[in-house]
Amino acid sequence: MARLNTRPVSRHDAVTHGGVPAYGDQTLTPLQQLRRSVMACMLWEDEFYEDGESIADRIARLVAKVTPEEAWIVAIEARTQGNLRHAPLWVAAAMAKHHKGAYVGKTVEAVVQRADELAELLVLIAKLNGVGPDRVKRHLSAQVKRGLARAFQKFDAYQLAKYNRDNAVKLRDVLFLVHAKPQNELQAEAWKKLIDGTLESPDTWEVSLSAGADKKETFTRLLREKKLGYLATLRNLRNMVEAGVDRDLVSKRLMDPAGAARVLPFRFIAAVRHAPSFAKELDWALRRSVLAQYTLPGKTAILVDVSGSMDAPLSRKSDMKRIDAAAALASVAPCEERRVFTFSDRLVEVANWEGLPGVDAIIRSQPHSSTDLAGAVAQINRMGFDRLIVITDEQATFVGNAAYAVHYGGPVPDPVAPKAYCINVASAKNGIGYKKWVHCDGFSESILRWIVEYERG
């Protein structure tokens, strides 16, 4: 376990964007700030309160303030548990600039899990150092080269061909820069073909369709040969429906439990909006995304933020919003007995449905306006629960409800429930989720699993 960095954040900065005091009487360490900035970060994507460049700059500064081991822990968690790609690569790039030693190489090797990320990491290192990709060589330490070389060995000819794109940095450029050594003759042959530009085109839906192949035949063949990834299946549901692909074949792929478990919950919401005829299968897959082998005992209140800031999109190219991620998490939380509430400028209890019906009930529960978390928690505190789980972007404001102002004065009150968790689905600098809250960052289903395991010891 990494040693926690105890250097405090300046107190004058400890307020939310809404002006509410952050963390009660506590401040965040650089490690805590780094984790909350990374775990829900779609790198360089603007959020409701903050632009993407500011978030990326803050992550880089914070990496410099923590130890290499701490940065490594955050990067690995973001990549392997949070299922994030770009943010962990940025952490690795910042480590390459600010740190030395074995953890730099270990981080590089671990976060590169797709062949195109080999080149992407070099582009990020160049950006962080203010140079063009063609001048990145002098910013590559021996540890970075070793990490990239080990990462290069993960990929076979198919994976290299699939991601061998004509970008500013090409895979062959990476190979030349890091001097990787092939593990066997087969790998050596693949690398020679990569250098020579003679790798065979990969058998993917993108390659087939761009070559003019029939949509129905292409998707049917790839599904039968088990060559269409689960996420690719979700993204192409509408295409397959329009092309007339056999419904049973598509349904069988969607009902693959191993595939469903590797996809972020909100992906199923996007899929059902594009292909509502598969709502039954997608609802099953959404529930399957959290392996509820264990349930949270007792009475649980789940409180979901549906304020205006939660309508912020997850990315520029996505029609998914933070409220979608929050609602998806709430709809699959494994609870023995639960009640679900939403809050904006008031508290509303919603129908306790699981899966996609629960998502819809949460999103439609009330107008998406201000963020009176103080009032919502105050009401929940009077109801008597064993556990409170709040899912929010933590940018609370106080809307001036007179009754609450008299008793609470605006700040978010401490939870009365013996167990209280604040799941933060945004990357803002400050938030309310400390003091008597157990804080969790990100919108991955792994957070719910972590809560179960946390309570089991």
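The values are calculated or read from the model by the stated rules, or taken from the named source; none is laboratory data. As the structure is a prediction and not an experimental result, all values here were calculated from the model. Here the Cβ positions follow ideal geometry from the backbone for every residue, glycine too, while neighbour counts run over all protein chains shown.
Odds and ends about this structure:
- Pair list, Cβ < 8 Å and 6+ apart or interchain, from region 280-309 residues that are basic (Lys, Arg) to residues that are assigned to a loop (DSSP other than H, G, I, E, B) and modelled with pLDDT of 90 or more: Lys299/Gly384; Lys299/Phe385; Lys299/Asp386
- For Asn83: the one exception among (1) within 16 Å of the chain's Cα centre (by Cα); (2) buried (at least 20 other Cβ atoms within 10 Å of the Cβ): (2)
- Whichever residue in region 209-226 is surrounded by fewer than 16 Cβ atoms within 10 Å (Cβ to Cβ) and under 31 Å from the mean Cα position of the chain (by Cα) and, among such residues, is nearest to Arg172 (Cα to Cα): Ser210
- Test result for Lys181, within 18 Å of Gln113 (Cβ to Cβ), among the basic types (Lys, Arg) and touching a residue at least 24 places away in the same chain (Cβ under 8 Å): no
- For region 313-342, the candidate set comprises residues that are touching a Leu at 6+ places or on another chain (Cβ under 6 Å) and in a strand (DSSP E or B); within that set, the residue that is modelled with the lowest pLDDT is Cys335.
- Qualifying residue in region 197-208 (condition: within 31 Å of the chain's Cα centre (by Cα), outside any helix (DSSP H, G or I) and either among the aromatic types (Phe, Trp, Tyr) or at pLDDT 90 or above (or both)): no
- Residue check, Arg262 among the basic types (Lys, Arg) and assigned to a helix (DSSP H, G or I): no
- Where Met240 falls short, out of the listed (1) under 25 Å from Ile391 (Cα atoms); (2) out of contact with any strand residue (DSSP E or B) (no Cβ under 9 Å at 6 or more places or on another chain): (1)
- Top-ranked residue of region 158-178 - restricted to ones that are buried (at least 18 other Cβ atoms within 10 Å of the Cβ) and over 12 Å from Ala119 (Cβ atoms), ranked as modelled with the lowest pLDDT: Lys162
- Selection status of Thr233, under 27 Å from Leu356 (Cα atoms) and outside the structural domain of Gly82 (by TED's automatic domain parsing): yes
- For Ala301, the stated conditions do not hold, so it cannot be described as crowded, with 24+ Cβ neighbours inside 10 Å and assigned to a helix (DSSP H, G or I).
- In this structure, Gly229 does satisfy being closer than 19 Å to Ala161 by Cα, of a type outside the set (Asp, Glu) and surrounded by 15 or more Cβ atoms within 10 Å (Cβ to Cβ).
- Helices (runs of 4 or more DSSP H) wholly inside region 114-163 that include at least 3 residues being more than 18 Å from Lys100 (Cβ to Cβ): 116-128, 157-162
- When the residues of region 228-244 are filtered to those that are over 26 Å from Gln159 (Cα atoms) and aliphatic (A, V, I, L, M), the one that is farthest from the chain's Cα centre (by Cα) is Ala243.
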